[in-house]
Amino acid sequence: MRINMRRMHDNQFGTIAAIKVAGDLGRRLRDMGLVPGTEIRIQGRAPLYDPVALRVRGATITLRNNEADYIEVEVTE
Amino acid sequence: MRTTVALAGNPNSGKTTLFNELTGARQHVGNYPGVTVEKKEGTYTGKDFQLHVVDLPGTYSLTAYSLEEVVARDFLVNEKPEVVINIVDASNLERNLYLAVQFLEMGTPVCIALNMIDVAKKRGIEINAHKLSDLLGVPVIPTVARSGIGKKELMERAAHIVQGKKTYGPLKISYGADVDRALIDMEKEIEANNFLTQTYPVRWIALKYMESDEQILDKGKKANPELAARLEEMVKKVSHHLQETLDTYPEAMIADQRYGYIKSILKQGVIYQKYDQNRLYSSDKIDKVLTNRFLGPIFMLTIIAGLYHVVFTYSEVPVGWMERLFRLLGDGVSALLPDGLLKSLLVSGVIDGVGGVLGFVPLIMFMFFGIAILEDSGYLARVAFMLDRIFRIFGLHGSSVMAFIISGGIAGGCAVPGVMATRTLRSPRERLATLLTVPFMNCGAKLPVFALLIAAFFAKYEAMIMFMITLGAWAGALLVAKLLRVTVIKGASAPFVMELPPYRMPTFKGLAIHTWERTWQYIKKAGTVILGFSIILWAMMTFPSLPESTLQKFEIQHQSLLNSVSPEIVQQLERTAVEAELSREAQKLKDRINRLDRKQAEARLRNSVAGRIGIVLENVSRWAGFDWRTNIALIGGFAAKEVVVSTLGTAYSLGEVDPEQSRSLSETLANDPNWSPLVALGLIVFTIFYSPCFVSVVCISRESGSWKWGAFAVAFNTLLAFGLAVLIFQIGSALGA
């Protein structure tokens, strides 16, 4: 099932299916290791539910919800 | 000829630690030409060789995403270091190699430091460095920067590369059939026309065109517009094709293939992981508490308040020493020199001015030490993470919060270290908005002004007014930040995407170097400019001196005072030591003479340039209910906010008023018909918002890289403050308060 990253719940696993953004943000996401095929896990969210923290390639990356909106993730459940 | 080695790597890969370990205290900190990115250089001395080491800014990539990346790239291209030492975090190898691959694509001679190999081992990650070295075709040396393990071998291998003079062809990766084919066509064109080839490798130029790299596109347009257009057209064709067939574009395709290439290398027996790589480590367990929805904010408040408390409490003692030192110096010069302009210049202009700057030094050192701990341990990134949602509303960044708090977000900070703390902010627009709004916070120097006015007019509501002042400053700062971000610093916010590095124990060496570097820069740069400003302010409050006729009048009055009593009393006054008990008559005479001296000081101030400006400004400042005395005091406050109190003292003929003990002044104000609670309220608001003191202005200019922003802060803030003060006074008067 393909869902938007914003809809993932804490500790959920998934594989990035597509990143639908070009420009600076797209570049930055790729530089930080977020490319299609990458496995991720939602590590948690800030006290105000935004930004979100992910586990990627053994590191913790944070991004704002409106940035996570561009990322589609394949999840098992 | 000296041999240059560049250190490059991801932020948090231990690059700075390795640099400190290699060069020790023999460092030179400057800026890259034309930008505010720090450039650190040092020398490494080996057995029989010496290397000049340059620390490149930490980057994740060599695209033109941030200033740091452009700076790092330009350095590689223009300065052509003999070898690049790429520090990669062994516990996070896959992502760190993304940068390494880009160096190889550029054809730069690279030597890889496989850093934090101990952390990797602890995490159950085994890395075969030989295998990795064979596959990448460059030396790979395991290191532990914190303890210096591997640094000797690393530098020997680097020196070896330099001596070997082996040329490295750029690494050629396949980026997929469509991109590859287009790249070959583009390379032909580029080579045939010698397009930018003096500076960059051929394939790399083609690759950057494919990635729509703004910097290279710009340079291309200037060098050969016709060919540039043709290349861009070729890219467009591929891009179109990729979008139709694979729903992707060249830039994304290239990144995918780079990661693919890295994965294929790691799969050939380079890395062995005992555990799942997303398993929880102690750092994540700490985060479960420190960024917890409920506990996180509580811990954050406690940690920040604690830092603040420690810094301002413990720096008080050395700040006191500095103040005493400069007072002694001032007294010494006073005693040695005869009364006159030279003495006044040295004492009031030079010593007070320089003392004012150097007096901050212990405070700044403590503050930077505290921030360095938060930064190096990784906690600062968590603060940004937790607070970003709130600060984003106002066009700022989660990381802005530290600067605000240091500047006096909890009343009693200082904008100078606050302005300098904005360096931890990566996004330029948010950083500038933060820089320009932190001076609204209530620094320690504004407090005596508030204390004076509250004591005079609002003594009953002291706590409430202080609370309102703090709240008002925050509201004002955030709203102005928002205003700036939709007007002069307009533009989308930079992507927030950042790494939360694992918690690490900071090393003392790292903290000490960090702290000293920043403190020294402050002393050096701020010191020179501020000395000049301080002399100008002194001159404004000194010249022109009173006309001869007025001076004579005072002299006559002085004489008549002396003549009005018997000569014995005069003698007694002249001979007795300052503290000694005087007879009643002598005491009376002394008081009278003092009163006359203060009157003269008031007359002199009124007659000076500053005084005249104050009087002229009365025409405007009337709208806010400020008279000439307040105007001069506020001009003086440009030197340092607490000067408002002492200058008001002089203007009201009270002599020098100690800002800490302004009781008599507050009584005078309370009884003066020109003053009212309304004027006082207006002045409080004005003091919160008007021009930052000149030390802050110098720092703002320096940190923003332009005097334009320093001037903007002075003009904009003063206008804003005046507008608010007028509003309060006019509305209040209309309501009959």
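The values are calculated or read from the model by the stated rules, or taken from the named source; none is laboratory data. Note that the structure is a prediction, hence the values are computed from the model and not measured. Cβ placement follows ideal geometry from the backbone for every residue including glycine, while neighbour counts extend to all protein chains displayed.
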May I ask you to list pairs of residues, at least six apart or on different chains, whose Cβ atoms are under 6 Å apart, with the first in the range B:212-240 being surrounded by 13 or more Cβ atoms within 10 Å (Cβ to Cβ) and the second being polar (S, T, N, Q)? B:Leu227/B:Asn193
So, in the range B:503-512, of the ones that are touching a residue at least 12 places away in the same chain (Cβ under 8 Å), more than 16 Å from B:Val119 (Cα to Cα) and of a type outside the set (Gly, Ala, Ser), which residue ends up farthest from the other protein chains (Cβ to nearest Cβ)? B:Lys509
Inside the range B:63-97, the number of residues satisfying the requirement of being part of a helix (DSSP H, G or I) and within 14 Å of chain A (Cβ to nearest Cβ) is 14
Counting only helices (runs of 4 or more DSSP H) wholly inside the range B:107-215, the ones holding at least 2 residues that are among the acidic types (Asp, Glu) are B:151-164, B:177-192
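A quick yes/no check of all residues on (1) under 32 Å from the mean Cα position of the chain (by Cα); (2) crowded, with 23+ Cβ neighbours inside 10 Å; (3) without any contact (Cβ under 8 Å) to a residue 40 or more places away in the chain; (4) under 29 Å from B:Ala120 (Cα atoms):
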site: B:Asp48; (1), (2), (3), (4): no, no, yes, no
site: B:Val53; (1), (2), (3), (4): yes, yes, no, yes
site: B:Gly58; (1), (2), (3), (4): yes, no, no, yes
site: B:Leu67; (1), (2), (3), (4): yes, no, no, no
site: B:Val71; (1), (2), (3), (4): yes, no, yes, no
site: B:Leu76; (1), (2), (3), (4): yes, no, no, no
site: B:Ala90; (1), (2), (3), (4): yes, yes, no, yes
site: B:Leu97; (1), (2), (3), (4): yes, yes, no, yes
site: B:Gly107; (1), (2), (3), (4): no, no, no, yes
The one condition A:Gly33 fails out of (1) more than 8 Å from chain B (Cβ to nearest Cβ); (2) in a loop (DSSP other than H, G, I, E, B) is (1)
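Determine whether B:Val101 is out of contact with any Pro (no Cβ under 6 Å at 6 or more places or on another chain), within 14 Å of another protein chain (Cβ to nearest Cβ), outside any helix (DSSP H, G or I) and at pLDDT 95 or above.
Criteria not met by B:Val101.
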Give me a count of the residues in the range B:406-465 that are hydroxyl-bearing (Ser, Thr, Tyr) and crowded, with 23+ Cβ neighbours inside 10 Å. 4
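Which of the residues spanning the range B:246-275 are exposed (fewer than 12 other Cβ atoms within 10 Å of the Cβ) and assigned to a helix (DSSP H, G or I)?
Hits for the range B:246-275 are B:Ser264, B:Lys267.
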What helices (runs of 4 or more DSSP H), lying completely within the range B:384-486, carry at least 3 residues that are more than 18 Å from B:Ser696 (Cα to Cα) and in contact with a Leu (Cβ under 7 Å, 6 or more places away or on another chain)? B:447-457
Counted residues, the range B:544-559 - those being farther than 13 Å from B:Arg606 by Cβ and touching a helix residue (DSSP H, G or I) at 6+ places or on another chain (Cβ under 9 Å): 4
On the phi < 0 side of the Ramachandran plot and either touching a residue at least 12 places away in the same chain (Cβ under 8 Å) or surrounded by 16 or more Cβ atoms within 10 Å (Cβ to Cβ) (or both): is that true of B:Gln243 in this structure? no
Flagged pairs (Cβ under 6 angstrom, 6 or more apart or on separate chains; first in the range B:491-502, within 7 Å of chain A (Cβ to nearest Cβ); second of a type in the set (Phe, Trp, Tyr)) are none
Quick one: would you say B:Leu363 is within 14 Å of chain A (Cβ to nearest Cβ) and either under 30 Å from B:Ser13 (Cα atoms) or assigned to a helix (DSSP H, G or I) (or both)? no
Pull up the range A:58-69, narrow it to residues that are in contact with a helix residue (DSSP H, G or I) (Cβ under 7 Å, 6 or more places away or on another chain) and more than 7 Å from chain B (Cβ to nearest Cβ), then point me to the one that is surrounded by the most Cβ atoms within 10 Å (Cβ to Cβ). A:Ala68
Matching residues, the range B:388-410, being at pLDDT below 90, more than 22 Å from B:Val698 (Cα to Cα) and either more than 18 Å from the chain's Cα centre (by Cα) or of a type in the set (A, V, I, L, M, F, W, C) (or both): B:Ile410
Just name the residue that is farthest from the other protein chains (Cβ to nearest Cβ) out of those in the range A:43-57 that are more than 11 Å from A:Met32 (Cα to Cα) and basic (Lys, Arg). A:Arg45
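So that you can scan it fast, the table gives a plain yes or no per residue for (1) in a loop (DSSP other than H, G, I, E, B); (2) surrounded by fewer than 19 Cβ atoms within 10 Å (Cβ to Cβ); (3) touching a residue at least 40 places away in the same chain (Cβ under 8 Å):
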position: B:Gln587; (1), (2), (3): no, yes, no
position: B:Asn594; (1), (2), (3): no, yes, yes
position: B:Asp597; (1), (2), (3): no, yes, yes
position: B:Ala603; (1), (2), (3): no, yes, yes
position: B:Ala610; (1), (2), (3): no, no, yes
position: B:Gly614; (1), (2), (3): no, no, no
position: B:Leu617; (1), (2), (3): no, yes, no
position: B:Ala640; (1), (2), (3): yes, no, yes
Matching entry among A:Thr76, A:Thr15, A:Thr38 (being more than 7 Å from chain B (Cβ to nearest Cβ) and modelled with pLDDT of 95 or more): A:Thr15
B:Ile286 fails exactly one of (1) closer than 30 Å to A:Arg45 by Cβ; (2) crowded, with 16+ Cβ neighbours inside 10 Å; (3) touching a residue at least 24 places away in the same chain (Cβ under 8 Å), namely (2)
Checking the structure you have, find out if any residue of the range B:513-520 is under 28 Å from B:Asn96 (Cα atoms), more than 14 Å from chain A (Cβ to nearest Cβ) and hydrophobic (A, V, I, L, M, F, W, C). yes
State all residues of the range B:12-47 that are at pLDDT below 85 and not in a strand (DSSP E or B); if no residue qualifies, say none. B:Gly24, B:Ala25, B:Arg26, B:Tyr32, B:Pro33, B:Gly34, B:Val35, B:Thr36, B:Val37, B:Lys47
From the list B:Ile303, B:Ile286, exactly one residue is modelled with pLDDT of 90 or more and part of a helix (DSSP H, G or I). Which is it? B:Ile286
